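Trainee: Got a structure here, written out as structure tokens. Questions coming.
The values are calculated or read from the model by the stated rules, or taken from the named source; none is laboratory data. Note that the structure is predicted; figures quoted are calculated from it, not measured. When we count neighbours, we look across all protein chains shown, and the Cβ atoms used for this are built from the backbone with ideal geometry, even at glycine. When the accessible area is computed, the model is the full protein with side chains, heavy atoms only, and any ligands, DNA or RNA have been set aside. Shrake-Rupley method; radii C 1.70, N 1.55, O 1.52, S 1.80 Å.
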Amino acid sequence: MSFLQLIISELKAILADKTIVLTVFGGVLFYAILYPLPYLNQVPTEQQLVVVDHDHSSLSRQLIRHADASAKIAVIAKVGSIDEAKSWIESGRAHGLLVIPADFRRDLLLGRGVTLSYGGDASYFLIYSAVAEGLISVGLDAGKSVQRLGLLAQGHGAQAAELSLNVVKLNSIPAFNPSLGYTPYVVPGLFLLILHQTLLIGTSILGASQWKETGYWQQVSPLKLVCGRMAAFMCIYTLLTSFYVGYCYYWYEVSLQASFSTVALLLLPFLLSTTAAGIAFSCLFSRRDLPTQVLLLVSMPILFVSGFVWPTALIPDSVVAISQIFPAVPGIMAMLELNQMGASWQSIMPQWLQLWAMTAVYFVLAYWGVKTRLASD
């Protein structure tokens with residue numbers, strides 16, 4: 001059997017297996033829609049807020065109007081107690097609460113410190129962040145308004161009073177995520193993780209289902225089989241990766257900083273090492289259902305140790321060190337630095353060389369595993 005015939009046989013075996021087709025093609029297409037879907041609006045706005053007003057003054061009513069005018073929050077009701085406000089949040093009718101203390105107006109006019117209490121549903125970080133950010137902004141504006149009145153009452157001019165309230169001006173410009181949304185922040189790394197996991201599962205299922213059977217894989221040498229299987233999956237995942245990094249990045253408006261050639265150069269060892277790792281991993285199993293179960297269990301740990309959704313400084317060093325055996329970890333970080341943060345090629349060179357080293361190691365393990373399996377079965 002020639003090498004081309006082996007690749008064709010591998011592709012036929014992949015496409016004839018419904019489980020692999022569902023995992024590889026179905027998984028990639030399904031997750032391309034499923035994961036970003038809840039966050040297509042990018043930034044949460046108009047989050048429902050209930051107010052507990054213990055002051056009932058003109059200033060407290062002005063504060064409530066300003067809160068309702070904020071783009072982040074919308075005041076939907078006034079309630080009489082904090083417990084009632086909590087019940088609104090627990091039932092899902094509201095996402096946050098604002099408590100205005102008694103004597104709010106009097107204390108501000110007397111120059112005393114006033115504490116505004118606010119909270120939100122912390123089950124959803126983006127929603128809680130929107131509520132907190134909106135209320136902080138409203139509280140600061142209310143404080144400035146009272147200070148401005150005090151300065152004017154003391155005889156300061158309007159322009160001098162305004163300058164006293166704005167000694168420092170903050171000009172915040174996002175460097176790597178212009179929309180400040182969830183999709184451009186998480187999707188690039190998440191898509192690589194999906195490619196990594198589906199590729200590992202697909203190669204593992206194919207190998208685990210063949211070791212105790214008779215077929216074309218027994219008519220070639222272990223080295224040729226490993227090379228042919230890697231070539232077959234590389235053909236498939238070159239297209240799937242182009243779909244993710246090309247079309248999906250454009251569709252979800254993910255920022256692109258690197259050129260096509262540098263991205264392709266980075267992804268080449270990522271796909272090769274993952275394919276070789278999947279073939280080596282398949283040699284550990286004789287049941288085709290086990291690889292999926294095992295690899296799904298490590299999906300979330302890989303996501304966190306990759307460093308883009310959780311700081312690695314808060315993860316034990318031993319766990320971070322062990323995670324380096326997965327190609328997704330250096331691949332995701334290198335991709336984010338290169339393509340989303342505009343890093344130079346020299347800065348991601350250590351991860352790129354690590355991926356090539358992993359390709360060599362996993363290729364040797366795959367060859368040894370396939371040779372052992374074909375000799376024993």
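Trainee: State all residues of region 317-332 that are in a helix (DSSP H, G or I) and open to solvent by less than 10 Å² (accessible area, probe 1.4 Å); if no residue qualifies, say none.
Mentor: First, the residues of region 317-332 that are in a helix (DSSP H, G or I): 317-323, 328-332.
Hits for region 317-332 are S323, A328, V329, P330, G331, I332.
Trainee: Further question on the same structure: I'm checking my understanding of the structure. Among residues of region 217-236 that are outside any loop (DSSP other than H, G, I, E, B) and more than 20 Å from V24 (Cβ to Cβ), which one is least open to solvent (accessible area, probe 1.4 Å)? Steps first, please.
Mentor: Just the residues of region 217-236 that are outside any loop (DSSP other than H, G, I, E, B), to begin with: 217-218, 222-236.
Okay, now just the ones that are also more than 20 Å from V24 (Cβ to Cβ), so 218, 222-224.
Values: Q218: 86, P222: 29, L223: 84, K224: 60 Å².
Here the answer is P222.
Trainee: Being assigned by TED's automatic domain parsing to the domain that holds L34 and farther than 27 Å from P184 by Cα, is that true of even one residue in region 302-314? Give the steps one after another, and end with the answer.
Mentor: Just the residues of region 302-314 that are assigned by TED's automatic domain parsing to the domain that holds L34, to begin with: 302-314.
Applying the additional criterion that residues be farther than 27 Å from P184 by Cα yields none.
Checked against the condition, which is being assigned by TED's automatic domain parsing to the domain that holds L34 and farther than 27 Å from P184 by Cα, region 302-314 yields no hits at all.
Trainee: Could you say whether any residue in region 303-310 is closer than 22 Å to S347 by Cβ, assigned to a helix (DSSP H, G or I) and in contact (Cβ under 8 Å) with a residue 12 or more places away in the chain?
Mentor: yes
Trainee: Right, something else. For region 237-264, which residues satisfy the criterion of being of a type in the set (V, I, T) and surrounded by fewer than 19 Cβ atoms within 10 Å (Cβ to Cβ)?
Mentor: The answer is T238, T262.
Trainee: Same structure, new question: Go through region 338-349 and give me each residue that's touching a helix residue (DSSP H, G or I) at 6+ places or on another chain (Cβ under 8 Å), of a type outside the set (A, V, I, L, M) and surrounded by fewer than 21 Cβ atoms within 10 Å (Cβ to Cβ).
Mentor: If we filter region 338-349 for residues that are touching a helix residue (DSSP H, G or I) at 6+ places or on another chain (Cβ under 8 Å), which is where we start, we get 338-340, 343, 345, 347-348.
After this cut, where a residue has to be of a type outside the set (A, V, I, L, M) as well, the list is 339-340, 345, 347.
Once the filter is applied, which keeps residues that are touching a helix residue (DSSP H, G or I) at 6+ places or on another chain (Cβ under 8 Å), of a type outside the set (A, V, I, L, M) and surrounded by fewer than 21 Cβ atoms within 10 Å (Cβ to Cβ), region 338-349 yields W345, S347.
Trainee: If we keep just the residues of region 12-49 that are at pLDDT below 85 and aromatic (F, W, Y), which is surrounded by the fewest Cβ atoms within 10 Å (Cβ to Cβ)? Can you show your working first?
Mentor: Here is the first cut: in region 12-49, the residues at pLDDT below 85 are 31-49.
In the following step, the residues that additionally are aromatic (F, W, Y) were identified as 31, 35, 39.
Working: Y31: 18, Y35: 16, Y39: 18.
Among those residues, the one meeting the criterion is Y35.
Trainee: Quick one: which residue in T359, T372 is out of contact with any strand residue (DSSP E or B) (no Cβ under 8 Å at 6 or more places or on another chain), of a type in the set (V, I, T), in contact (Cβ under 8 Å) with a residue 60 or more places away in the chain and surrounded by 19 or more Cβ atoms within 10 Å (Cβ to Cβ)?
Mentor: Working: T372 fails: surrounded by 19 or more Cβ atoms within 10 Å (Cβ to Cβ).
Testing whether each residue is out of contact with any strand residue (DSSP E or B) (no Cβ under 8 Å at 6 or more places or on another chain), of a type in the set (V, I, T), in contact (Cβ under 8 Å) with a residue 60 or more places away in the chain and surrounded by 19 or more Cβ atoms within 10 Å (Cβ to Cβ) leaves just T359.
Trainee: Name every residue in region 51-73 that is buried (at least 18 other Cβ atoms within 10 Å of the Cβ), more than 12 Å from I100 (Cβ to Cβ) and of a type in the set (A, V, I, L, M, F, W, C), in order of residue number.
Mentor: Matches in region 51-73: I73 only.
Trainee: Quick one: count up the residues across region 88-109 that are touching a residue at least 12 places away in the same chain (Cβ under 8 Å) and not in a helix (DSSP H, G or I).
Mentor: Going through region 88-109 one residue at a time, the tally reaches 11.
Trainee: So is V52 modelled with pLDDT under 85 and β-branched (V, I, T) or not? Spell out the reasoning first.
Mentor: On the way: modelled with pLDDT under 85: no; β-branched (V, I, T): yes.
Considered against the rule, which asks whether it is modelled with pLDDT under 85 and β-branched (V, I, T), V52 comes out as no.
Trainee: Something else: Scan region 111-119 and give yes if some residue there is farther than 20 Å from V131 by Cα and either open to solvent by 90 Å² or more (accessible area, probe 1.4 Å) or at pLDDT 80 or above (or both), otherwise no.
Mentor: Yes, because at least one residue in region 111-119 is farther than 20 Å from V131 by Cα and either open to solvent by 90 Å² or more (accessible area, probe 1.4 Å) or at pLDDT 80 or above (or both).
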